[in-house]
Amino acid sequence: MTAQMKLAAYFNPTGHHVASWRHPRAMADANVSISHYVEMARAAERAKFDMIFLADGNSSREAHIDAVSRSVQFVAHFEPLTLLSALAMVTKNIGLTATASTTYQEPYNLARKFASLDHISGGRAGWNLVTSGQPAEAANFGRDGVLAHAERYGRAREFAQVVQGLWDSWDDDAFVRDIQSGLYFDPAGRHCLDHKGKHFKVRGPLNAPRPPQGYPVMVQAGGSDEGRQLAAEFAEAIFSPHLNIPEAKAYYDDVKGRMAAYGRDPGHLKILPGLSVVVAESDDKAAEDFNLLQSLIHPMVGREILSTMLGGIDLSPYSPDDQLPDLQATVSASRGHFDSIVSMARREKLTIRQLGERCAGARGKLSIHGSAKRIADTMEEWFAAGACDGFCVLPPYMPGQHIDFCEMVIPELQKRGLFRREYEGATLRENLGLPRPAGRYAGMRG
Ligand SMILES: Cc1cc2nc3c(=O)[nH]c(=O)nc-3n(C[C@H](O)[C@H](O)[C@H](O)COP(=O)(O)O)c2cc1C
């Protein structure tokens, strides 16, 4: 049997492209429309996507007001766990992955929320673990500046350990609910974590039963050395930002190679590069639609997004026709984004204006357009090269391009045997082919 891809559908209200909300086939007020999300989730499930993925941050995006007032992404939208709880009730099989940061909350709160979502959805929850590196986020949590990169990752690692420890608070069969004897749970099936570490002191137990999946699926997207190390230890899916096969493959081999040190099987991690797709009936029609979308990018927005993606570097002293100057990554920079943008600029000798347009559109993710055949060819090429296990598909505008991907590209992938026609299981773990982790106290009761 041909190996099959895993696919996540990335939902940003109006789409991933910075000008998405201005496209005639987008829905400009999608950020407050639950019916829009319900329709998008149902379409993704009909197409058999592994999961829906919601990105998030802890502030309304800050940039020059002339630019931010012309954008929709990360400005004002639903809180992801709240939204996924609603979507759990109108879907049956599709995974529900939310981004949640380890920087400004406590592991107890987060463990409880994801355990609840996993129960509510019947084992379909995923947690995209991120650290918060934006100054605008720090300002909302009583801090004058962001934590240093290494400090954020140190906290993130201990955070993840505590969360998983709390998910093991109860044995899978602790709740006996014996009406005859009056025993609700077996005291031997309840465990206090008693964690005392550098960042957290947490007694437990968690006031939620063990999640149906044991642990909700752990997702990550770090590109830095610390991010890769954390992914090798904990992640079961990664959203990566690479723009070409050699860089993606080097990342894939590097992260999977680090897993042995943690006694993990590389097959238990699915690496899914972000992929923005404009598909149409023909290559020419897709190019036309892509050009329309790019023409909707306001010039202020291009330069501002480039500057944000590089970690808040001020590009205003340079002319738009200058080449990118020599830059040092700042503390807020995403290393993955920073490195791939700088290497694209050098490789293709792009001016700041050209780079701005490139980055503003798909915001640094791989962006392709064409007929379903051309899109499937590219996806197949990456997959066959061992550069990924599938993709995180970023519809540039929604509903239009999400529906088109579901109706045009998915059948093409299915025809080639590269994607499922039916879900394999009921939980996200089963569909991703991941084992269910046993509780750390399993088998210790008499
Ligand atoms: C497809 C994709 C989606 C991401 N979504 C989020 C997100 O929702 N919130 C966030 O804070 N970071 C997001 N990131 C960024 C990463 O999670 C990570 O925080 C960032 O790359 C910085 O980590 P690093 O310093 O290890 O590179 C995303 C990255 C990719 C490639």
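Let's see how each residue does on (1) within 16 Å of the ligand (Cβ to nearest atom); (2) closer than 20 Å to Glu62 by Cβ; (3) surrounded by 19 or more Cβ atoms within 10 Å (Cβ to Cβ):
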site	(1), (2), (3)
Thr131	yes, yes, yes
Ala136	yes, yes, no
Val146	yes, yes, yes
His149	yes, yes, yes
Ala160	yes, no, yes
Trp167	no, no, yes
Trp170	no, no, yes
Phe175	no, no, no
(request) Looking for whichever is within 16 Å of the ligand (Cβ to nearest atom), surrounded by fewer than 22 Cβ atoms within 10 Å (Cβ to Cβ) and at pLDDT 95 or above here; the options are Phe49, Phe78, Phe74. Which one fits? (result) Phe78
(request) Mind listing just one residue for me: the one in segment 371-421 that is among the aromatic types (Phe, Trp, Tyr) and farther than 23 Å from Gly361 by Cα and, of those, surrounded by the fewest Cβ atoms within 10 Å (Cβ to Cβ)? (result) Phe383
(message) When you check Arg335 against the structure, is it among the basic types (Lys, Arg), in contact (Cβ under 8 Å) with a residue 12 or more places away in the chain and within 14 Å of the ligand (Cβ to nearest atom), yes or no?
(response) yes
(request) Starting from residues that are more than 7 Å from the ligand (Cβ to nearest atom) and surrounded by fewer than 23 Cβ atoms within 10 Å (Cβ to Cβ), keep the ones in segment 213-229 and report whichever is nearest to Lys270 (Cα to Cα). (result) Arg228
(message) Quick check on this structure: which one of Ser116, Ser60 is hydroxyl-bearing (Ser, Thr, Tyr) and away from the ligand (no atom under 15 Å from the Cβ)?
(response) Ser116
(request) Take Pro187 and decide whether it is closer than 30 Å to Gly274 by Cα, away from the ligand (no atom under 16 Å from the Cβ) and either acidic (Asp, Glu) or out of contact with any Lys or Arg (no Cβ under 9 Å at 6 or more places or on another chain) (or both). (result) no
(request) Considering each of Ala248, Ala232 in turn, give the residue that is touching a Gly at 6+ places or on another chain (Cβ under 9 Å) and within 13 Å of the ligand (Cβ to nearest atom). (result) Ala232
(request) Residue by residue through segment 343-392, note down the ones that are among the β-branched types (Val, Ile, Thr), at pLDDT 90 or above and in a helix (DSSP H, G or I). (result) Ile375, Thr378
(request) Read through the list (1) touching a residue at least 12 places away in the same chain (Cβ under 8 Å); (2) more than 22 Å from Ala8 (Cα to Cα); (3) acidic (Asp, Glu), then give the number of the only condition that Glu247 fails. (result) (2)
(message) Checking Ser340 against (1) under 25 Å from Gly223 (Cβ atoms); (2) modelled with pLDDT of 95 or more; (3) not in a loop (DSSP other than H, G, I, E, B), only one condition comes out false. Which one?
(response) (2)
(request) Identify, from the list Val75, Val90, the residue that is part of a loop (DSSP other than H, G, I, E, B), farther than 22 Å from Gly302 by Cα and out of contact with any Leu (no Cβ under 6 Å at 6 or more places or on another chain). (result) Val90
(request) Go through Gly142, Gly126, Gly154 for me and flag whichever is within 18 Å of the chain's Cα centre (by Cα), more than 11 Å from the ligand (Cβ to nearest atom) and either closer than 30 Å to Ala208 by Cα or of a type in the set (D, E, K, R) (or both). (result) Gly126
(request) Would you check if there is a residue in segment 227-244 being under 23 Å from the mean Cα position of the chain (by Cα), within 30 Å of Ile120 (Cα to Cα) and among the hydroxyl-bearing types (Ser, Thr, Tyr)? (result) yes
(request) State all residues of segment 1-15 that are modelled with pLDDT of 95 or more, in a loop (DSSP other than H, G, I, E, B) and in contact with a helix residue (DSSP H, G or I) (Cβ under 7 Å, 6 or more places away or on another chain); if no residue qualifies, say none. (result) Met5, Phe11, Thr14, Gly15
(request) Could you list all residues from segment 101-113 that are within 15 Å of the chain's Cα centre (by Cα) and either more than 16 Å from the ligand (Cβ to nearest atom) or surrounded by fewer than 24 Cβ atoms within 10 Å (Cβ to Cβ) (or both)? (result) Ser101
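The values are calculated or read from the model by the stated rules, or taken from the named source; none is laboratory data. Fair warning: this is a prediction, and the values are worked out from it, not measured in the lab. Quick reminder, even Gly has a Cβ in these numbers, built from the backbone with ideal geometry, and neighbours come from all protein chains shown.
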